[in-house]
Amino acid sequence: MDNRFYRRKVEIIFPFGNNCTIQNVLDISSIQFYDGTLLQLLPIQSKHMKYLPYLIGLLTILIIFPACQNDDNNGEEMEEEIDTSILSEYLDLPETPFNYADIPIPTHISNPPVIESDNTPAANPITDYGATLGRVLFYDPMLSANNTISCSSCHLQEFGFSDPESFSIGFEGGTTPRNSMGLANARFYENGRFFWDERAATLEDQVLLPIQDHIEMGMELDDLTTKLAATEYYPVLFRLAFGEGDITSEKISLALSQFVRSIVSFDSKFDQALAGTTGPPPEVIPGFTPQEQLGHDLFHSPVTNCSNCHSTTLQIGREATNNGLDVVYADNGLGEVTGNPADDGKFKVPSLRNVALTGPFMHDGRFKSLTDVIVHYNSGIAPHPNLDNRLRLPSGDPRHMSLDAEDIAALVAFLNTLTDEGLKTDEKYSDPFR
C-alpha cells in the first residue's frame, strides 16, 4: 500500500435518477457528471482518510441538488419529446402551433359594427393550442359512430367550409334536412346564434349537436370521450390546450368553437382594394373592373337594398329574417323553434364572404347559382305575412328590383370579388392527419 494515496477503486451511484456517478472515490482524482461537468480533486493523504465519510457526505449534497434539478429539466424535455413523437406519428402539425389567437383584423374591417358583432365569449377565447385541438377534432371521423363522417365531411375547405350538395350525407347514408352553410367569419354574427333556425344559443352549443344527431354523426358524448381517451394523441392535445389531459365533452365544445371562430376571411379582391383604409369604402373601388364597380354600386343602392341585410365591410347579417322564398313553407325555420307564427319562414342570414364558393343557396339549397339568387330577389319574392320589411314596398307588397341582365351579371361579378382564394388552401385550416 502506498503511504501517500489510498488507491482502492470504488463506484457510488446515487439513487436519484442515476444522473451522476462518483468513480474512484478513494482514488479521488475526479468526478465526472453525466451533464459533462468535471470536478477535479486533489489526492487524499492516508492520514486524512478518517475525513473521507465527511467528504463523501459533502459531495453527496453537491451532487444531489444539481441532479434533481437536471432530472426536472430532463423530465420536461423528455415529456416534450414524447409528445412530439406521439403527435408526429398521426398528425402533420408544425413544431410551433399556427397563429389562431392573434390573427390581425385589417383596418377596413376593424370598425365598431364588425367588432361589436364578434360572438367570442370571454370564457372561451381563441388560443393557439385550443384551436389546434379543434382543428384535429374537426377533421377526425372518430367523432361519428362508425368512424366515417367528420365535421369536414359537410364543411369542405375548398367550398368555403360548406357542402356543394343541397343536403349532406350522414354516417349511415341518410341526408340532412338542410343545406350545410359556410363557416368562414362565423365569429361575426351579433346575436351569436347558430344553425339556419338559430336553435343553438352559442357556437359552443352548436358544435356538439351534429355529433349527437341521429342522421349526421350518431355519437353519444360519453362514448365519444371514452373513444378519444383511448387514443395516443388526444390526451396530449387536450393537455396542451387545457393544461390537463382529461377529455370531456365541454372541452371538445370549447376547442371546436375556437377552431371555427378562427376561420376568418379577410383577403379577397375586395379586401385587397381596401387594404389600409378606414371608414366606409370609397365610391370608386381601386382595381375593380367597370362591371364589378357597377355591381358594388347596385349592392349598396336603394334599388336593391342588399347592404341593408348584408351590412358592414364583411357583408354580415344580424338576425333571422323571412326573405319571401314561399307563401307556405314546408320548413318554418325559426318558427319551428319558438312556436311563434310570427317567426315562420325566418332563417339565419349568413355572411356573403366566399359566397361564390358556398352554393347551392338558401336553407334548402334550392338555388344552384348566384344568378338564381338574384333573380329571386329581382322578381320572385313571395308575399308571405312575415316577409321582412326591407323587401316590401310602402304598400306592403314584395319589392321588385326590375334589374336587367347586365345588372344581374354585375351583381354576380361584385359577389365574386368577395372570394378569398387563400382560404381554400390555407394550411392552418386544412386536414392535419397524415
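Table for the structure above
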item: Qualifying residue in the stretch 194-211 (condition: in contact with a Pro (Cβ under 6 Å, 6 or more places away or on another chain) and in contact (Cβ under 8 Å) with a residue 12 or more places away in the chain); result: no
item: Residue satisfying all of: in the stretch 114-137; of a type outside the set (D, E) and in contact with a strand residue (DSSP E or B) (Cβ under 7 Å, 6 or more places away or on another chain); nearest to A273 (Cα to Cα) among these; result: V114
item: Residues being closer than 27 Å to R193 by Cβ and either out of contact with any strand residue (DSSP E or B) (no Cβ under 9 Å at 6 or more places or on another chain) or not charged (D, E, K, R) (or both) - total across the stretch 276-319; result: 16
item: Pair list, Cβ < 6 Å and 6+ apart or interchain, from the stretch 368-396 residues that are closer than 22 Å to L334 by Cβ to residues that are buried (at least 17 other Cβ atoms within 10 Å of the Cβ) and among the small types (G, A, S); result: I381/G324; A382/G324; H384/G324; H384/G345; N386/G345; L387/G324; L391/G324
item: Residue match in the stretch 255-266 (condition: surrounded by 19 or more Cβ atoms within 10 Å (Cβ to Cβ), of a type in the set (G, A, S), touching a residue at least 60 places away in the same chain (Cβ under 8 Å) and outside any helix (DSSP H, G or I)); result: yes
item: Test: G422 is closer than 30 Å to D140 by Cα and either assigned to a loop (DSSP other than H, G, I, E, B) or at pLDDT 95 or above (or both); result: yes
item: Test: residue in the stretch 373-394 that is under 31 Å from the mean Cα position of the chain (by Cα) and either outside any loop (DSSP other than H, G, I, E, B) or modelled with pLDDT of 95 or more (or both); result: yes
item: Residue count, the stretch 228-277 (criterion: under 17 Å from T417 (Cβ atoms), acidic (D, E) and at pLDDT below 95); result: 0
item: Which numbered condition V136 fails, given (1) farther than 13 Å from V264 by Cα; (2) without any contact (Cβ under 8 Å) to a residue 24 or more places away in the chain; result: (2)
item: Condition check for P106: at pLDDT 95 or above, in a loop (DSSP other than H, G, I, E, B), under 16 Å from the mean Cα position of the chain (by Cα) and closer than 28 Å to L352 by Cα; result: no
item: Filtered residues of the stretch 278-319 (kept if hydrophobic (A, V, I, L, M, F, W, C) and in a helix (DSSP H, G or I)); result: L294, L298, F299, C306, C309
item: Verdict on E81 being on the phi < 0 side of the Ramachandran plot and in a helix (DSSP H, G or I); result: yes
item: Residue among L91, L87 that alone is within 17 Å of the chain's Cα centre (by Cα) and among the aliphatic types (A, V, I, L, M); result: L91
item: Whichever residue in the stretch 283-332 is over 27 Å from the mean Cα position of the chain (by Cα) and among the small types (G, A, S) and, among such residues, is surrounded by the most Cβ atoms within 10 Å (Cβ to Cβ); result: G295
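The values are calculated or read from the model by the stated rules, or taken from the named source; none is laboratory data. None of these values were measured; they are calculated from a predicted model. For neighbour counting, all protein chains shown are included, and Cβ atoms are generated from backbone atoms with ideal geometry for every residue, glycine included.
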